[in-house]
Amino acid sequence: MAINAYSWAKDGEKNLSPSFKVREFRCSDNTDPIFIDSELVEILQKIRNHFGKPVNITSGFRTASKNATIKNAAKFSQHLYGKAADIWISGVTVEQIAAYAETLLPNRGGIGRYPKEGHADRTHGWVHIDTRAAKSRWVS
Ligand SMILES: [Zn+2]
């Protein structure tokens with residue numbers, strides 16, 4: 001695995017894998033460059049292939065200043081290192097995504113479940129996936 005730097009403005013259309021482009025991982029404040037872990041992309045591609053549906057990335061790389069504006073975000077979030085993505089797939093439940101991610105990261109990595117149920121402010125649930133060395137699981 002490797003953390004790579006990209007210019008999303010210059011190389012946004014570049015494919016990182018068959019289904020993912022650089023621009024999908026950009027920070028919502030449009031900072032350039034951005035950082036993306038190649039292992040994270042491999043995991044997302046496996047999820048894409050497993051369910052056979054597009055994987056929507058709502059948050060990939062995050063700058064520290066952007067992260068500081070996000071409610072309840074971890075101060076040293078894995079998003080800051082380009083090692084995390086928050087994803088959802090139309091027609092696939094949070095639990096289904098998380099359960100499959102568990103098979104890809106059985107003894108390590110972060111998997112956070114953010115279900116829609118019980119959260120009126122969420123238009124859909126999502127799953128946070130990261131490639132940290134330690135194992136971390138949570139529901140929020
Ligand atoms: Zn996240």
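Read-outs throughout are calculated quantities, based only on the coordinates presented, and are distinct from any laboratory measurement. Everything quoted here is computed from the prediction, not taken from an experiment. Note that we place each Cβ from the backbone using ideal geometry, even for glycine, and neighbour counts take in every protein chain shown.
For Gly125, what charge total do you get from the other residues with a beta carbon under 14 Å from its beta carbon, if Lys and Arg give +1 and Asp and Glu give -1?
Neighbour charge sum, excluding Gly125 itself: -1.
Mind jotting down the distance between the C-alpha centroids of the stretch 1-76 and the stretch 105-134, whole Å?
15
Tell me what the chain gives for mean residue ellipticity at 222 nm when only DSSP H runs of n ≥ 4 count, each as -39,500 (n - 2.57), the sum divided by the residue total, rounded to 500 deg cm²/dmol.
The per-residue figure over the chain is -6500 deg cm²/dmol.
What is the stretch 29-140's relative contact order, in percent, from Cα pairs under 8 angstrom and six or more apart in sequence?
With pairs under 8 Å counted, the relative contact order is 25 percent.
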